[in-house]
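Quick notes on the structure that follows.
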């Protein structure tokens with residue numbers, strides 16, 4: 001080998017026609033990890049092996065012909081571009097490391113394929129979400145998800161499960177797709193004290209993935225073996241979450257090792273949140289439209305922020321009203337008996353889950369307080385699960401919460417779930433018919449509360465478009481029409497509006513129709 005080839009930046013091997021390596025330069029030794037004493041050895045002993053072994057094949061015939069190829073060599077973890085150049089007496093083999101380029105091309109290809117896959121998945125999920133909007137029951141939600149995902153070519157099968165009443169065991173709501181032996185193994189595993197990805201998702205409220213399925217030791221062995229037989233190679237468990245509550249889980253099984261990329265998981269996470277919201281909305285709809293309700297009284301302890309606050313202050317606290325904020329926060333309006341405002345503020349702000357605090361009214365006998373709570377607390381759980389809190393009272397570190405729940409099967413499931421998660425106890429339960437108030441009855445009842453002057457002021461302001469935006473009349477113009485001062489007008493408006501709102505939000509156990 002002449003000096004120029006010996007110092008060349010690319011690898012060079014000098015090989016005889018029978019495949020014996022006579023010489024190789026430094027670059028070649030580094031690229032293929034060849035020992036110093038490689039000269040005189042057969043090329044199959046000097047050169048690493050690839051799956052295709054194209055270099056060795058080039059030396060198998062009677063004559064060596066020109067060849068160019070790129071192959072991956074696992075022993076040296078490199079992609080090599082190889083040129084075989086024969087002459088009359090010798091064969092020169094040129095080597096060049098193209099690993100960086102090949103990996104870049106692979107990344108581009110993977111990204112392109114993933115984009116196509118994500119586009120298909122997003123289209124499917126978009127269809128699912130659109131159908132969830134109109135779903136009216138938990139069964140319909142489960143069947144919608146399974147049908148849309150389990151009957152596509154992308155996934156082998158999909159199932160939806162939820163916790164059993166009074167326990168942690170998952171029961172199956174719906175399933176679709178080619179279940180094979182894998183789903184049978186899943187069903188059996190749910191009856192045993194083993195942890196499936198779906199059970200972990202319900203327990204943690206977070207996505208759980210196993211890919212490749214066969215290599216995940218946390219998945220029960222029976223499921224891994226059945227998956228191997230069925231060609232199922234990955235699983236994603238998606239919790240159906242609303243706020244701090246997990247309603248159930250979706251198990252999605254695919255025939256690819258890399259079945260769920262990070263972007264796909266984010267899309268499925270959105271599906272879980274939307275489905276959780278749909279379950280809550282269905283429950284709320286059932287409660288709203290039901291003529292009867294089940295009234296459940298829960299006894300709570302220090303898991304309740306307001307119970308803890310009553311214990312710290314040594315006083316009584318009564319809940320006046322709730323306003324949900326998003327799916328993980330709740331604003332509570334409460335009255336606190338005979339405690340200094342500064343003491344209430346200092347105590348409340350130190351409690352876990354209290355996100356904000358404000359004194360609304362400080363009278364001699366009681367405080368009216370606004371407390372914003374965020375996180376896993378009984379009141380938030382009850383409202384997010386579809387309950388309507390009618391009243392609540394707390395004293396000495398304990399409390400009782402009275403909730404209206406829709407009279408169906410999910411009602412009992414929800415009551416048991418709250419009892420289990422927050423160590424709450426159901427102390428009373430009764431079925432109650434909810435009276436229906438007509439619009440005329442509501443109007444008549446309100447008219448009885450308003451003075452004649454208040455009715456006149458309110459009606460005049462309404463007809464003068466005082467409540468429109470932009471206003472058709474200013475306060476001064478309405479006051480002039482009534483021949484009263486602006487301050488008198490505002491006094492009557494506030495008084496009448498308060499009575500109207502009180503009738504709607506407090507008395508209104510019934511909604512006018």
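Throughout, read-outs are computed from the coordinates displayed, never taken from laboratory work. All values reported here derive from a predicted model rather than from experimental measurement. All Cβ positions, even for glycine, are placed from backbone atoms using ideal geometry, and neighbour counts span all protein chains on display.
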Nearest 10 degrees, 0 to 90: what angle lies between the long axis of helix 221-230 and the longest principal axis of the chain (Cα atoms)? 60 degrees
Once you have the Cα-Cα distance between residue 270 and residue 72, take 0.36 nm times their residue separation minus that, and quote the gain in nm to one decimal. 67.4 nm
Going by C-beta contacts inside 10 Å, put 43, 401 in order with the fewest on the left. 43, 401
Coarse-grained scattering of the stretch 439-507 at q = 0.11, 0.28 Å⁻¹, given as base-10 log I(q)/I(0) from a Debye sum over alpha-carbon atoms: -0.27, -1.23
Expressed as a fraction of 2.2 N^0.38 Å, the rule-of-thumb size for a compact globular protein of N residues, what is the C-alpha radius of gyration of the stretch 104-287? 1.00
Does the stretch 3-97 come out rounded, prolate or oblate by the C-alpha gyration tensor, with a ≥ b ≥ c the root eigenvalues, rounded set by a/c under 1.5 and, if not, prolate when a/b is larger than b/c and oblate if not? rounded
Binned Cα-Cα distance frequencies in the stretch 136-237 - 10 Å width, integer %: 15, 50, 32, 3
Mind giving me the nanometre distance, one decimal, between the label points for residue 44 and residue 337, set 7 Å out from Cα along Cα→Cβ? 9.5 nm
P(r), alpha carbons of the chain - 10 Å bins starting at zero, rounded %: 3, 14, 16, 15, 15, 11, 8, 6, 5, 4, 2, 0
Report Rg(Cα)/(2.2 N^0.38 Å) for the stretch 65-134, keeping two decimals. 2.04
Sort 502, 492, 247 so the one with the fewest other Cβ atoms within 10 Å of its own Cβ comes first. 502, 492, 247
Order of 238, 118, 317, 51 from fewest to most other C-beta atoms within 10 Å? 51, 118, 317, 238
Residues of the stretch 209-224 with the amide nitrogen closer than 16 Å to a label point 7 Å from the Cα of residue 110, along Cα-to-Cβ, please. 211-212
